[in-house]
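First up is the structure itself, then whatever we jot down about it.
The values are calculated or read from the model by the stated rules, or taken from the named source; none is laboratory data. Computed from a predicted model, the values in this text were never measured in an experiment. We place every Cβ from the backbone using ideal geometry, glycine too, and count neighbours over all the protein chains shown.
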Amino acid sequence: MKYISTRGNALAKTFTEILLGGLAPDGGLYLPEEYPQVTRAELDAWRKLSYADLAFAVLSKFADDIPANDLKRIVNKTYTPAVYCNTRTGSDARDITPLRTLEPGLHILELSNGPTLAFKDMAMQLLGNLFEYALGRQRDELNILGATSGDTGSSAEYAMRGKRGIRVFMLSPLGKMSRFQTAQMFSLQDPNIFNIAIRGVFDNAQDIVKAVSNDHTFKAKHKIGTVNSINWARVSAQIVYYFKGYFAATKSNDEQVAFSVPSGNFGNICAGHIARMMGLPIGQLILATNENDVLDEFFRTGVYRPRSSDHTYHTSSPSMDISKASNFERFIFDLAGRDAARVREFWSRVDAGGAFDIKGTPYWDEVPHFRFVSGKSCHADRIKTIRELWEEYGVMIDTHTADGLKVGLEQRRPSLPLICLETAQPAKFEETIREALGREPERPAAMEGIENLPQRVVVMVADVHAVKDFITQHAAG
């Protein structure tokens, strides 16, 4: 399988050729030349598989340049109960992603049983093992540059800590994450982990990552790679749990379901879009935003209007405090019939600080065919949803999952079972849980008192040159 850029001016490459990078050389994002199709016979066979075996089956369609025995070994090393050791009662750690049924037709897919209690671990643990494999074969080193609004950073750092030949430089917005999220990252003492807190918001950090990625000379000299969801391997890994969730919530492959997905950077729901394009029977993809509702605005009005850092709100679901959705370009590429010239036209406006509007164009008429609907949740909504779920079902959820559940219940078609994708465990957002329930969320024993550990972090202004200088001083290789 070959991968092409959404902007059309980059050579087609294989999975391993794009694995260690991020943006394509032309500034676009990589996607398969064609989405692999899953037959009914394959769906029937996959329904019986363990998570690791399902991951191998799905990823084999995307990473066909990795020898099957090697890929099998990598996924078996990644998706084990030892890595996703479920600390919560009522579900089996062997499931990796247990489905919690609240009532018939209403489910939460647990994706937060990994080492950092966030769904990002589902892909990041695989990415760490893939990176180590690829670098070992090439006898090379890699400097990973990433940006996080909360969970990507800790998931990446826990996946890459101690990995030979890898250093991680993770940017985050100063003071904009929860105390728990901040402590997870900054308390790591591994010498290959570097935390950089940027004075600004997530989009400032993300812009720096993109600017470095677009400086091809610097990127090549310092062997810069990325773990943000612009990295295709992360998206492909996330496709797996859509299949697993579908099989867990249905009895036959004749049924359709709705997935509700909290979304800021469009990476998680982009994986659902691709799973549907592959043939998974998804009747609805429900996109939930918080107060930073750029994506909801698009699906309601046809206008994609990223906002400045001054107009990006700091909310109680901070991992979604994003106003420039990097992965959205992948969806627009498909919506535009894979017309790279049109994508370049749209993003020339976005990159210049503007917007684009597809209302009144044939593209807008095509949006319903992709099964997307959307909605918005605010602080009062998530407090109400957390409280109601606890009172009715005895289930505690985090703030982002609450956004997904609130919008999912509003937008679902009554005939479809609803699967809400869990984002994180509530322990990561204690302040809001206390406000909603008047009690502390449980946390794994290993993470008790994590906020009191010594922290390692460098604070910088949002300046790409300052970040480059820091990388130059501390890079591997």
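A few notes on this one:
- Residue tally, condition farther than 27 Å from Ser308 by Cα and under 20 Å from the mean Cα position of the chain (by Cα), over region 181-237: 4
- Some residue of region 302-310 being of a type in the set (Phe, Trp, Tyr), part of a helix (DSSP H, G or I) and at pLDDT 95 or above: no
- Leu142 being surrounded by 22 or more Cβ atoms within 10 Å (Cβ to Cβ), closer than 26 Å to Val458 by Cβ and at pLDDT 90 or above: yes
- Of the candidates Phe331, Phe370, the single residue that is surrounded by fewer than 18 Cβ atoms within 10 Å (Cβ to Cβ) and under 26 Å from Tyr242 (Cβ atoms) is Phe370.
- Test: residue in region 183-194 that is touching a strand residue (DSSP E or B) at 6+ places or on another chain (Cβ under 6 Å), touching a residue at least 24 places away in the same chain (Cβ under 8 Å) and assigned to a loop (DSSP other than H, G, I, E, B): yes
- Listed by first and then second residue, the pairs with beta-carbon distance under 6 Å, at least 6 apart or on different chains, first residue in region 442-462 and of a type outside the set (Ser, Thr, Tyr), second loosely packed, with under 14 Cβ neighbours inside 10 Å and assigned to a helix (DSSP H, G or I), are Glu451/Arg179.
- As a summary of the residue check, Phe180 satisfies the conditions (1) under 17 Å from Glu451 (Cα atoms); (2) assigned to a helix (DSSP H, G or I); (3) free of Cβ contacts under 8 Å to residues at least 40 places away in the same chain except for the one numbered (3).
- Put simply, of Met320, Met277 the only residue that is surrounded by fewer than 23 Cβ atoms within 10 Å (Cβ to Cβ), within 19 Å of the chain's Cα centre (by Cα) and under 30 Å from Asp95 (Cα atoms) is Met277.
- If you go through region 425-477 and pick out every residue that is among the aromatic types (Phe, Trp, Tyr), surrounded by fewer than 17 Cβ atoms within 10 Å (Cβ to Cβ) and modelled with pLDDT under 95, you end up with 0.
- Criterion: touching a Ser or Thr at 6+ places or on another chain (Cβ under 9 Å), among the charged types (D, E, K, R), surrounded by fewer than 18 Cβ atoms within 10 Å (Cβ to Cβ) and more than 30 Å from Thr250 (Cβ to Cβ) - qualifying residue of Arg179, Arg137: Arg137
- Condition check for Leu20: of a type outside the set (Ser, Thr, Tyr) and touching a strand residue (DSSP E or B) at 6+ places or on another chain (Cβ under 8 Å): yes
- Residue in region 287-303 that is farthest from Val367 (Cα to Cα), counting only those that are surrounded by fewer than 24 Cβ atoms within 10 Å (Cβ to Cβ) and not β-branched (Val, Ile, Thr): Glu291
- Beta carbons closer than 9 Å, at least 6 apart along the sequence or on distinct chains, pair a first residue in region 122-135 that is in contact (Cβ under 8 Å) with a residue 24 or more places away in the chain and within 10 Å of Leu20 (Cα to Cα) with a second that is part of a helix (DSSP H, G or I) and of a type in the set (Lys, Arg) for Leu127/Arg234.
- Test result for Leu106, within 21 Å of Asn265 (Cβ to Cβ) and surrounded by fewer than 23 Cβ atoms within 10 Å (Cβ to Cβ): no
- Evaluation of Ala341 against (1) among the aliphatic types (A, V, I, L, M); (2) in contact with a Gly (Cβ under 7 Å, 6 or more places away or on another chain); (3) within 29 Å of Leu171 (Cα to Cα) (one fails), failing number: (3)
- Where a residue in region 1-22 is over 17 Å from Leu135 (Cβ atoms) and its partner, wherever it lies, is in a loop (DSSP other than H, G, I, E, B) and polar (S, T, N, Q), with Cβ under 9 Å and at least six apart: Met1/Thr14; Lys2/Thr14; Tyr3/Thr14
- Filtering region 22-59 to residues that are in a helix (DSSP H, G or I), over 21 Å from the mean Cα position of the chain (by Cα) and of a type outside the set (A, V, I, L, M) leaves Arg40, Glu42, Asp44, Trp46, Asp53.
- Restricting Ala10, Ala82 to residues that are surrounded by 17 or more Cβ atoms within 10 Å (Cβ to Cβ) and of a type in the set (A, V, I, L, M, F, W, C) narrows the list to Ala10.
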